[in-house]
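Since the structure comes first, as structure tokens, the remarks are kept for the end.
The values are calculated or read from the model by the stated rules, or taken from the named source; none is laboratory data. A quick note: this is a predicted structure, and the numbers were derived from the prediction, not measured. With ideal geometry, Cβ positions are generated from the backbone for all residues, glycine too; neighbour counts draw on all protein chains shown.
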Amino acid sequence: MDVSFLDQVLDKVSNLEGIPAYATIFSVLFACGVGVPIPEDITIVTAGYLAYSENIELPWAIVVCFFGVLSGDFILFSLGRIFGRHFLDLPGVRFIMTPERVALAQEKLKNNEKKVCFIARFLAGFRAPIYLSAGMLGVRPMVFVSLDSLAAAISVPLLTYLGYYFGDEIDVGLHYIRRAERYIMITLAVVGLFFIIKSIHGKMRRI
């Protein structure tokens, strides 16, 4: 995350409160979800900061952020499901989602769609290509929504609360946010490795 960019965002939204603040947060997160190159995590942290400033309520900030990211994610997933690869031919789409990233996302999804759909929420640069590819490759909507919701239930409250907790010292908060994301990824990698080893062991026993 870029601290200077966060400072610019805080400067622009610090006067927002109540319904306009919630509407702005939801709209920006929705745009992030469909692939607009705005840092989603910074938007969520900003919601926490607005709660710290008493412009909005923390519980509602978390709820709005949660449904904001899920709605954007599902729209992108649905576009991939409905239009397939034709969606990539639309003007401007390839600028947001490069063919290389989409190809990599599809390769990962073919190997293990459930784990990738879950982990994607913690991969800022690959969320949009993975969600789009999940729709293209026919991942069931209920599977996608369930896994994306589970991941968002971890990341969204964490980021919102850190923005609230650190308040005016948000640059310190960003340091802890980076560390938290790193630990989450390490934990997911360890859990994934455990299940891979367990699967291999089970296959060897059946031989």
A105 being buried (at least 23 other Cβ atoms within 10 Å of the Cβ), small (G, A, S) and modelled with pLDDT under 75:
yes
Would you be able to say whether some residue in the stretch 63-77 is modelled with pLDDT of 90 or more, farther than 10 Å from G163 by Cβ and of a type in the set (S, T, Y)?
yes
Is one or more of the residues making up the stretch 154-173 modelled with pLDDT under 65 and of a type outside the set (D, E)?
yes
Scanning the stretch 28-62 for residues that are surrounded by fewer than 16 Cβ atoms within 10 Å (Cβ to Cβ), assigned to a helix (DSSP H, G or I) and touching a residue at least 12 places away in the same chain (Cβ under 8 Å) gives W60
Within the stretch 3-19, identify whether any single residue is in a helix (DSSP H, G or I), within 19 Å of C117 (Cα to Cα) and either touching an Asp or Glu at 6+ places or on another chain (Cβ under 9 Å) or modelled with pLDDT of 85 or more (or both), and answer yes or no.
no
